[in-house]
Amino acid sequence: MSAHPAGDSAERARLQRRALRLEYATIAWNLGEAVFTIGLGVVAGSLALIGFGIDSIIEVFASSVVVWHLRPGHAVDNPARTRLALRLVAFAYMGLAVVLATASIRDLVTGRRAGESVIGIVYLAVTAVVMFSLAGAKRRTAASLGSAPLRSEATLTFLDGILSTLTLTGLALNVIFGWTWADPAAALIVATAAANEARTNLKEAAELN
């Protein structure tokens, strides 16, 4: 919990409204992002883009959980509800990690070449800026509000920014240098990050009383 929680109900209500706006913005962006990047990934044959789109769906779920916590009637965290939510997100991340790792290793072994996606590269650059900005705003609000779920979800948003940067790098290397291994390697990095996030969520869930 934050060392500086909201001091009165009016201030807490203001912070909750701000947090909800941030989460609604995240959900809206990630829904569009999932459709767009998965579509681009299918067209270009890019595992990294498809994986990034799947990650966006997971982020929508995580944001929805935070909205559930912050809406009226759920102002105080319920450990059992939070523990369940963390475990569900962890299982989703483990599924993402397994699928991407399997497909990435297959492509690295067979040498399958992904198509080029300049549009995907540009979009990922914009996404990185948006996600890092949202993550920073959420962390500041979580610290003022004293909300553990919001703080945790802010980390997922920050990870989304990191993943967009890694995916962007892999696609750019493929376009510029023709490195066929760059795209599956980027997807493998996404899988590793997803597995680590699953482990972190399960550990946090286990620590809740």
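The values are calculated or read from the model by the stated rules, or taken from the named source; none is laboratory data. Remember, predicted model here, so these are calculated numbers, not experimental data. Cβ atoms come from the backbone with ideal geometry, glycine included; neighbour counts cover every protein chain shown.
Looking at Arg140, Arg151, Arg106, just one residue is closer than 17 Å to Leu49 by Cα and of a type in the set (Lys, Arg), and that residue is Arg106.
Restricting attention to the stretch 146-158, the residues that are modelled with pLDDT under 85 and either over 18 Å from Ala97 (Cβ atoms) or buried (at least 21 other Cβ atoms within 10 Å of the Cβ) (or both) total 6.
For the stretch 130-145, filtered to residues that are within 15 Å of the chain's Cα centre (by Cα) and of a type in the set (Lys, Arg), the residue that is surrounded by the most Cβ atoms within 10 Å (Cβ to Cβ) is Lys138.
For the condition surrounded by 17 or more Cβ atoms within 10 Å (Cβ to Cβ), of a type outside the set (S, T, N, Q), closer than 18 Å to Ala103 by Cα and without any contact (Cβ under 8 Å) to a residue 24 or more places away in the chain, Ala191 does not qualify. Screening the candidates Ile119, Ile105 for the property of being of a type outside the set (S, T, N, Q), modelled with pLDDT under 85 and surrounded by fewer than 18 Cβ atoms within 10 Å (Cβ to Cβ) yields one hit, Ile119. Of all residues in the stretch 56-68, those that are closer than 30 Å to Ala10 by Cα, surrounded by fewer than 24 Cβ atoms within 10 Å (Cβ to Cβ) and either modelled with pLDDT of 85 or more or not aromatic (Phe, Trp, Tyr) (or both) total 5. Within the stretch 32-55, the set of residues being touching an Asp or Glu at 6+ places or on another chain (Cβ under 8 Å) and surrounded by fewer than 24 Cβ atoms within 10 Å (Cβ to Cβ) comprises Ala44, Gly53.
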